[in-house]
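Some notes on the structure that comes next.
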Amino acid sequence: MTETATDNLPDYAPVPRSALGPALNEQGYYVGRVERNLYWITDGTYQSAFLTTSDGVVLLDAPPTIGHNIQRAVDEIAAANGVSNKVTHLIYSHHHADHGGASSLFDKNVTRIGHEETRRLLLRDDDPARPPNEETFQDNRTLNIGGERIDLAWHGANHTPDNILIHLPDHETLMLVDIVNPGWAPVYISNLTEDIPGYIEAPANALAYAWKQFIGGHLTRLGTRDDVTLHQQYMADIATSVRSAIDTLDPTRFYQRYGENTWAAVKAHLDATTAAAAAPVIEKYTGVLAAADVFTESTTFWVMESIRLDLGYGSQVHP
């Protein structure tokens, strides 16, 4: 029997149906109503959203994987509802290229808004695909565009130093990108997060607002408050399991085995602690969160490092 290119790839648990959203159209996107004149777009991996107003369209993030389909989605909705399809404002959730790299597709006169740190980082990165936001804020800002209210808030570093919360109170919707992936486990190291204490705190900040629909920036469906609460429990279980593994795993054998190769011993020690901590969490959440068996070990490693380095758990002072 001839071996195919996929024969040696690992098998993973099936994706729970609850993690999946609507099918994409022939152009490779789905656009749907969130609430009244607020809409969301997905390509099955990334998400953005837009608000149609009397002054034009307010776009929330511009992922490059959706790219030109953003305008196609806006055109589709505008034609169906007899409203303007002109994007006049673009709000950056944060500076990362995977969520803002299609910003340059829109007119240079579009008003770009984001955190003051987003502007600093975009100026630093000097990426022509992501023109820096001209308008900034520090902690909170309320926008009133075409009779629509959008509240922007920064609660401190989490996924990135500049990642903000976007609340649309009149649409009962909250957008917080790269924290909770509704129905799914976080991708590598807690969604590639720079600040784990802030990342773990972010869902509680989100739940303090009044909303029903959640836009997380990733994958195939909108989220709910239950999705955010489930993510909180998942992360709490990882943290608890990490502490238990740190307390109970004896690393002596690794340092005896590798002798003067200190980094080999450290790798073996950290890998073993991570695996021990991740195992019960993977067992609990497989079939509950899609890809829990794929990425939990990576996220557990990053949480472990934060617990060790940020919180000082398990540190021992030489006598």
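The table below lists the values:
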| item | result |
| --- | --- |
| Of all residues in segment 151-166 being within 13 Å of HIS95 (Cβ to Cβ) and of a type in the set (A, V, I, L, M), the one that is least open to solvent (accessible area, probe 1.4 Å) | ILE164 |
| Of residues in segment 96-127 being assigned to a loop (DSSP other than H, G, I, E, B) and under 17 Å from the mean Cα position of the chain (by Cα), the one farthest from ASP178 (Cα to Cα) | GLY101 |
| Qualifying positions in segment 224-255 - of a type in the set (S, T, N, Q), over 17 Å from the mean Cα position of the chain (by Cα) and open to solvent by 50 Å² or more (accessible area, probe 1.4 Å) | THR240, SER244, THR248, THR252 |
| Options ALA276, ALA264; residue that is aliphatic (A, V, I, L, M), open to solvent by 40 Å² or more (accessible area, probe 1.4 Å) and at pLDDT 95 or above | ALA276 |
| Restricting segment 75-110 to residues that are of a type in the set (D, E, K, R) and at pLDDT 95 or above, the residue that is most open to solvent (accessible area, probe 1.4 Å) | LYS86 |
| Matching residues in segment 49-74 - criterion: being touching a residue at least 40 places away in the same chain (Cβ under 8 Å), open to solvent by less than 10 Å² (accessible area, probe 1.4 Å) and part of a strand (DSSP E or B) | ALA49, LEU51, GLY56, VAL58, LEU59, LEU60 |
| Residue list for segment 199-210, filter: open to solvent by 10 Å² or more (accessible area, probe 1.4 Å) and touching a residue at least 12 places away in the same chain (Cβ under 8 Å) | ILE200, GLU201, ALA204, ASN205, LEU207, TYR209, ALA210 |
| Residues satisfying the stated conditions in segment 162-206, i.e. among the small types (Gly, Ala, Ser) and in contact with a strand residue (DSSP E or B) (Cβ under 9 Å, 6 or more places away or on another chain) | GLY183, ALA185, ALA202, ALA206 |
| Criterion violated by SER306 - all others in (1) at pLDDT 95 or above; (2) open to solvent by 20 Å² or more (accessible area, probe 1.4 Å) satisfied | (2) |
| Residues that are within 23 Å of LEU20 (Cβ to Cβ) and open to solvent by less than 10 Å² (accessible area, probe 1.4 Å), drawn from segment 290-303 | ALA290, ALA292, THR296, THR299 |
| Test for LEU20: is it within 19 Å of the chain's Cα centre (by Cα) and at pLDDT 95 or above | yes |
| Of all residues making up segment 287-319, the number that are small (Gly, Ala, Ser) and outside any loop (DSSP other than H, G, I, E, B) | 4 |
| Subset tally (residues that are surrounded by 10 or more Cβ atoms within 10 Å (Cβ to Cβ) and under 30 Å from HIS68 (Cβ atoms)) for segment 1-44 | 25 |
| Candidates GLY312, GLY216, filtered to the one that is at pLDDT 95 or above and at positive phi | GLY312 |
| Matching option when the condition is at pLDDT 95 or above, out of contact with any Asp or Glu (no Cβ under 7 Å at 6 or more places or on another chain) and not hydrophobic (A, V, I, L, M, F, W, C), among GLU117, GLU135 | GLU135 |
| Selection count where residues are within 21 Å of LEU51 (Cα to Cα), assigned to a loop (DSSP other than H, G, I, E, B) and touching a residue at least 40 places away in the same chain (Cβ under 8 Å), scope segment 131-160 | 3 |
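The values are calculated or read from the model by the stated rules, or taken from the named source; none is laboratory data. Since we're looking at a predicted model, the values are computed, not measured. For neighbour counting, all protein chains shown are included, and Cβ atoms are generated from backbone atoms with ideal geometry for every residue, glycine included. Surface accessibility is based on the protein's heavy atoms, side chains included, excluding ligands, DNA and RNA. Shrake-Rupley method; radii C 1.70, N 1.55, O 1.52, S 1.80 Å.
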